[in-house]
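Asker: So that we are looking at the same thing, I have put the structure below in structure tokens.
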Amino acid sequence: MQIQVSRANPLRLEVDALVVPATETERLPRALRPLDQALDGQIDAYWQSGQFGGKAAELVRFPSRGRIPAASVILLGLGKAREIDAETLCAAAGRGVKALRKARLASAAVLVPGLRRVAPDAAGQAWSEGAVLGHYRFDRYKTLDEAPPALERMDLVVDPRHAGAYRRGVRAGAAIAESTCLARDLSNEPGGVATPEYLAGEARRIARETGLNATIFAERELRRAKMGGILAVGRGSANPPRLIVLEHGRPAAPRRRRPTIALVGKGITFDSGGISIKPAASMDEMKHDMSGAAAVLGAMRAIALLKLPLHVVGLVPAAQNMPDGNAYLPGDVVTASNGKTIEVLNTDAEGRVVLADALHHANSFEPDAIIDLATLTGACIVALGHECAAVIGNDDALIRKLQTAGERVHERLWQLPLWEEHRKQIRGTVGDIKNASGRPAGTITAAAFLSHFVDDTPWAHLDIAGVAWRGKPGKYGVEGATGFGVRLLLELLRNWK
Ligand code: BES
Ligand code: MN
Ligand code: ZN
């Protein structure tokens with residue numbers, strides 16, 4: 001989809017649909033009077049009849065019957081004026097584009113309203129971001145139903161005085177949303193296709209496209225780095241594990257140091273549970289167990305495209321967790337790359353085992369902050385459900401920043417505690433720490449385990465088990481993978497310090 005900022009007169013635009021967003025009011029807004037007149041009072045008639053009043057979920061489409069060059073007009077509700085922010089605009093844009101696509105239209109123009117509460121660049125970002133996200137479908141394996149064709153062109157008709165700011169916003173919004181869609185694609189891809197080496201290939205492709213630096217640790221390099229955690233989890237699979245490292249903005253000289261941020265994403269490309277095998281029901285959903293990895297790869301792409309003035313390192317430990325004659329076993333003791341020994345009590349608590357090595361490797365970049373994203377525990381869904389992710393860490397300032405960014409992009413985070421008592425709960429009998437310790441505080445004890453691999457660096461762990469995908473279409477109309485994390489990380493890093 002091509003998104004363009006236009007200064008054209010909407011009454012002259014030849015498009016399939018002219019989209020007219022409006023806030024909640026009892027009467028037709030003054031700005032729409034010329035259009036209403038051209039349409040012989042049809043918009044006003046809708047208003048008078050009570051079929052449309054600008055409420056957030058409202059959308060009506062009617063033919064223009066040749067009164068204007070646009071074939072049809074869509075009234076798109078934005079909700080109450082005083083509640084509108086970039087996020088509600090983004091959601092409205094998504095709803096609008098979904099409707100356009102469902103109606104099989106090829107081109108549209110939006111009469112972008114000037115809003116007191118949203119600056120032009122933020123508005124441009126919201127319209128393009130929402131449009132690209134709402135346009136998304138994972139239909140590459142559909143051959144029977146005819147998928148609605150792509151919307152080819154969307155013009156944003158804006159106040160000419162702010163066209164430059166809108167254009168900048170549109171560019172940023174498209175980069176972020178397309179990267180979110182990339183994360184969704186990676187997560188939705190079946191485990192039989194999306195193997196660790198597949199993720200590595202995607203990382204190389206992203207690096208080529210955007211100028212990132214890519215380093216892939218294959219088994220030989222993993223062994224040399226003594227990454228016993230990643231190797232153990234990957235051992236039962238015919239598809240060997242990898243550690244993917246993407247780097248953006250590495251300073252040319254140590255003096256030119258910029259803030260360094262490490263992003264770590266759990267990349268279990270399929271989680272059968274291993275020898276501690278999972279029940280059959282819903283096991284298919286475990287193709288999404290690399291959604292943390294997908295978010296990191298997507299975020300790295302957007303960070304590079306937007307040329308953020310930061311040094312960002314993305315790390316993805318990728319493995320397929322399978323039962324096999326060669327698989328790691330309950331009772332095994334695994335030595336991670338920092339020398340700590342892990343007592344494996346449950347091979348299904350594999351995420352923390354691969355993250356151990358990746359987090360330790362992240363330390364070697366001497367980052368100012370480490371943020372990891374992982375579909376780590378079913379307990380997180382029990383505790384917090386599907387409307388927020390859990391955040392746990394050792395630095396409240398970092399956690400607050402993440403929460404603020406999350407509120408702004410509607411990827412919300414709720415903090416859980418991490419206390420010394422929780423770390424005691426995972427002390428090992430034979431090894432240093434155990435990878436499972438029963439049901440109490442399952443999300444927190446998983447984080448307690450991770451804390452052994454981050455030293456004193458400010459660190460925040462996001463358990464995204466409840467938000468990385470959804471069974472039924474959610475509030476924003478997404479099915480399957482959501483791409484959670486990409487927009488959150490970009491919101492955080494674009495405003496870093
Ligand atoms: N990938 C799962 C967590 C998960 C389960 C995410 C369901 C989303 C939906 C993780 O590897 C896992 O299996 N965790 C175990 C840990 C337990 C064995 C300590 C869990 O949550 O049951
Ligand atoms: Mn598991
Ligand atoms: Zn898992």
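The values are calculated or read from the model by the stated rules, or taken from the named source; none is laboratory data. Everything numeric in this text was worked out from a predicted model, so none of it was measured. Virtual Cβ from ideal backbone geometry, glycine too; neighbours counted across all protein chains shown. Areas reflect the complete protein model, heavy atoms only, side chains present, ligands, DNA and RNA absent. Shrake-Rupley method; radii C 1.70, N 1.55, O 1.52, S 1.80 Å.
Asker: Being modelled with pLDDT of 90 or more and assigned to a loop (DSSP other than H, G, I, E, B) is the requirement here; does E14 meet it?
Answerer: Considered against the rule, which asks whether it is modelled with pLDDT of 90 or more and assigned to a loop (DSSP other than H, G, I, E, B), E14 comes out as yes.
Asker: Has the range 158-167 got at least one residue that is free of Cβ contacts under 8 Å to residues at least 24 places away in the same chain and open to solvent by 10 Å² or more (accessible area, probe 1.4 Å)? Working first, answer last.
Answerer: Taking the range 158-167 and keeping what is free of Cβ contacts under 8 Å to residues at least 24 places away in the same chain, we get 161, 164.
Remaining after also requiring open to solvent by 10 Å² or more (accessible area, probe 1.4 Å): 161, 164.
Yes.
Asker: Select, from T210, T215, T180, the only residue that is within 19 Å of the chain's Cα centre (by Cα) and open to solvent by 20 Å² or more (accessible area, probe 1.4 Å).
Answerer: On the way: T215 fails: within 19 Å of the chain's Cα centre (by Cα); T180 fails: open to solvent by 20 Å² or more (accessible area, probe 1.4 Å).
None of the others qualify; the one that does is T210.
Asker: Within the range 336-395, how many residues are within 25 Å of I261 (Cα to Cα), charged (D, E, K, R) and touching a Ser or Thr at 6+ places or on another chain (Cβ under 8 Å)?
Answerer: Of all residues in the range 336-395, those within 25 Å of I261 (Cα to Cα) come to 336-340, 350-377, 388-395.
Add one more test, that the residue is charged (D, E, K, R), and what stays is 340, 350, 352, 357, 366, 368, 372, 395.
Filter once more, so that each one left must be touching a Ser or Thr at 6+ places or on another chain (Cβ under 8 Å): 357, 366, 368.
Adding up the residues that qualify gives 3.
Asker: Hey, another quick one. Give the range 233-249 a look and list any residue that's within 13 Å of T195 (Cα to Cα) and crowded, with 24+ Cβ neighbours inside 10 Å, or say none. Spell out how you get there, then give the answer.
Answerer: If we filter the range 233-249 for residues that are within 13 Å of T195 (Cα to Cα), which is where we start, we get 234, 237-244.
Residues satisfying the conditions are G234, P241, R242, L243, I244.
Asker: Follow-up question, since we're still on this one. For the structure I just gave you, tell me whether N326 is open to solvent by 10 Å² or more (accessible area, probe 1.4 Å), away from ligand 3 (no atom under 14 Å from the Cβ), within 24 Å of I399 (Cβ to Cβ) and of a type in the set (S, T, N, Q). Don't jump to the end; show me each part of the working.
Answerer: On the way: open to solvent by 10 Å² or more (accessible area, probe 1.4 Å): yes; away from ligand 3 (no atom under 14 Å from the Cβ): yes; within 24 Å of I399 (Cβ to Cβ): no; of a type in the set (S, T, N, Q): yes.
Judged against the criteria, N326 is not a match.
Asker: Of the conditions (1) part of a loop (DSSP other than H, G, I, E, B); (2) modelled with pLDDT of 95 or more; (3) open to solvent by 40 Å² or more (accessible area, probe 1.4 Å), V467 clears all except one; give me its number.
Answerer: (3)
Asker: Then there is this: List every residue pair whose Cβ atoms lie under 7 Å apart, where the two residues are 6 or more positions apart in sequence or sit on different chains, the first residue falls within the range 373-387 and is β-branched (V, I, T), and the second residue, located anywhere, is within 11 Å of ligand 2 (Cβ to nearest atom) and part of a loop (DSSP other than H, G, I, E, B).
Answerer: T375/K266; T375/D289; T375/A465; T377/A465; I381/A465
Asker: When you look at E152, is it within 23 Å of V15 (Cα to Cα) and surrounded by fewer than 24 Cβ atoms within 10 Å (Cβ to Cβ), yes or no?
Answerer: Numbers: within 23 Å of V15 (Cα to Cα): yes; surrounded by fewer than 24 Cβ atoms within 10 Å (Cβ to Cβ): yes.
When the stated conditions are applied, E152 passes them.
Asker: Something else: Which number in (1) in contact (Cβ under 8 Å) with a residue 60 or more places away in the chain; (2) touching a His at 6+ places or on another chain (Cβ under 7 Å) marks the one condition that P190 misses?
Answerer: (2) is the only condition that P190 fails.
Asker: Sticking with this structure for a sec: Going through the range 296-323 one residue at a time, which ones are within 14 Å of ligand 1 (Cβ to nearest atom) and either over 22 Å from L182 (Cβ atoms) or open to solvent by 10 Å² or more (accessible area, probe 1.4 Å) (or both)?
Answerer: Of everything in the range 296-323, those that are within 14 Å of ligand 1 (Cβ to nearest atom) and either over 22 Å from L182 (Cβ atoms) or open to solvent by 10 Å² or more (accessible area, probe 1.4 Å) (or both) turn out to be Q320, N321, M322, P323.
Asker: A293 passes all but one of (1) assigned to a helix (DSSP H, G or I); (2) open to solvent by 10 Å² or more (accessible area, probe 1.4 Å); (3) within 16 Å of ligand 2 (Cβ to nearest atom); which number fails?
Answerer: Failing condition for A293: (2).
Asker: Another question about this same structure. Within the range 376-391, does at least one residue satisfy the condition of being assigned by TED's automatic domain parsing to the domain that holds T482, closer than 21 Å to Q425 by Cα and of a type in the set (S, T, Y)?
Answerer: Yes, because at least one residue in the range 376-391 is assigned by TED's automatic domain parsing to the domain that holds T482, closer than 21 Å to Q425 by Cα and of a type in the set (S, T, Y).
Asker: Counting only residues that are within 14 Å of ligand 3 (Cβ to nearest atom) and assigned by TED's automatic domain parsing to the domain that holds D289, give me the strands (runs of 3 or more DSSP E) lying completely in the range 189-277 with at least 2 of them.
Answerer: Working: elements: 213-217, 242-248, 260-265, 267-271.
The strands (runs of 3 or more DSSP E) meeting that bar are 267-271.
Asker: I would also like to ask the following. Check A336, A349, A319 and return the single one that is farther than 17 Å from I426 by Cβ and touching a residue at least 60 places away in the same chain (Cβ under 8 Å). Walk me through how you get there before you give the answer.
Answerer: Values: A336 fails: farther than 17 Å from I426 by Cβ; A349 fails: farther than 17 Å from I426 by Cβ.
After applying the criteria, what remains is A319.
Asker: Right, another one. Look through A446, A436, A441 and report the one residue that is within 16 Å of ligand 3 (Cβ to nearest atom), open to solvent by 10 Å² or more (accessible area, probe 1.4 Å) and touching a residue at least 12 places away in the same chain (Cβ under 8 Å). Let's see the steps before the verdict.
Answerer: Details: A446 fails: open to solvent by 10 Å² or more (accessible area, probe 1.4 Å); A441 fails: within 16 Å of ligand 3 (Cβ to nearest atom).
Selected residue: A436, the only one of A446, A436, A441 that is within 16 Å of ligand 3 (Cβ to nearest atom), open to solvent by 10 Å² or more (accessible area, probe 1.4 Å) and touching a residue at least 12 places away in the same chain (Cβ under 8 Å).
Asker: Given the residues L450, L462, which is the only one that is in a helix (DSSP H, G or I) and either closer than 25 Å to I399 by Cα or in the same structural domain as K401 (by TED's automatic domain parsing) (or both)?
Answerer: L450
Asker: From A31, A45, A17, A8, grab the single residue that is assigned by TED's automatic domain parsing to the domain that holds S128 and closer than 24 Å to L133 by Cα.
Answerer: Values: A31 fails: closer than 24 Å to L133 by Cα; A45 fails: closer than 24 Å to L133 by Cα; A8 fails: closer than 24 Å to L133 by Cα.
Just one listed residue meets the conditions, A17.
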